[in-house]
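Report on one structure; see the data block that follows.
The values are calculated or read from the model by the stated rules, or taken from the named source; none is laboratory data. As the structure is a computational prediction, the values presented were derived from the model and not from experiment. Methodologically, a virtual Cβ is constructed for each residue, glycine included, from the backbone with ideal geometry; neighbour enumeration extends over all protein chains shown.
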Amino acid sequence: MITHCNADQLTDLIKKHVIVIIDFTATWCGPCRSQGTILEKFEKDHPDVVIAKIDIDENRDLSAKMGIQCVPTLMFFLNGNHVTLKDKNRLIEKIEGVCSDKYLNKIVKGLKTTTD
């Protein structure tokens, strides 16, 4: 499920759903449109994952609070908690730039494994 939301709605989504991906985006951002296409395809394969789209221009306070410095940026939540990803020898709080469908599937597969 892809939903456009604000800070209040986001808090509810994170509390209510097992896996939530936050997509920080902007209407003027070309790479954001590419990320959106990837997420639309991803959504069809993973209907149990919630994708919350946050427009940074409409939600400046939330974007600042979450430390968003570029778009697109993805953040992941599992059972209400922000997930820090491990990629090789580094920890990743968020993915900045377009995330490929292959990498996105790998991340979510790992998150689903921890919920089984």
Restricting the search to the stretch 1-15, which residues are crowded, with 18+ Cβ neighbours inside 10 Å and either of a type in the set (Lys, Arg) or not in a helix (DSSP H, G or I) (or both)? Cys5
I'm checking my understanding of the structure. Among residues of the stretch 107-116 that are exposed (fewer than 14 other Cβ atoms within 10 Å of the Cβ) and of a type outside the set (Asp, Glu), which one is nearest to Asp45 (Cα to Cα)? Lys109
Scan of the stretch 42-89 for residues that are of a type in the set (S, T, N, Q), surrounded by fewer than 12 Cβ atoms within 10 Å (Cβ to Cβ) and under 21 Å from Ile19 (Cβ atoms), ordered by number: Asn81, Thr84
Listed by range, helices (runs of 4 or more DSSP H) wholly within the stretch 16-116 having at least 2 residues that are within 18 Å of Ile2 (Cβ to Cβ) are 30-45, 101-115
State which residue is farthest from Lys106 (Cα to Cα) when the search covers only the stretch 16-31 and only residues that are among the hydrophobic types (A, V, I, L, M, F, W, C) and surrounded by 22 or more Cβ atoms within 10 Å (Cβ to Cβ). Phe24
Restricting the stretch 90-106 to residues that are β-branched (Val, Ile, Thr) and modelled with pLDDT of 90 or more, which is surrounded by the fewest Cβ atoms within 10 Å (Cβ to Cβ)? Val98
In the stretch 53-89, which residues are under 19 Å from Tyr103 (Cβ atoms) and touching a residue at least 60 places away in the same chain (Cβ under 8 Å)? Phe77, Leu78
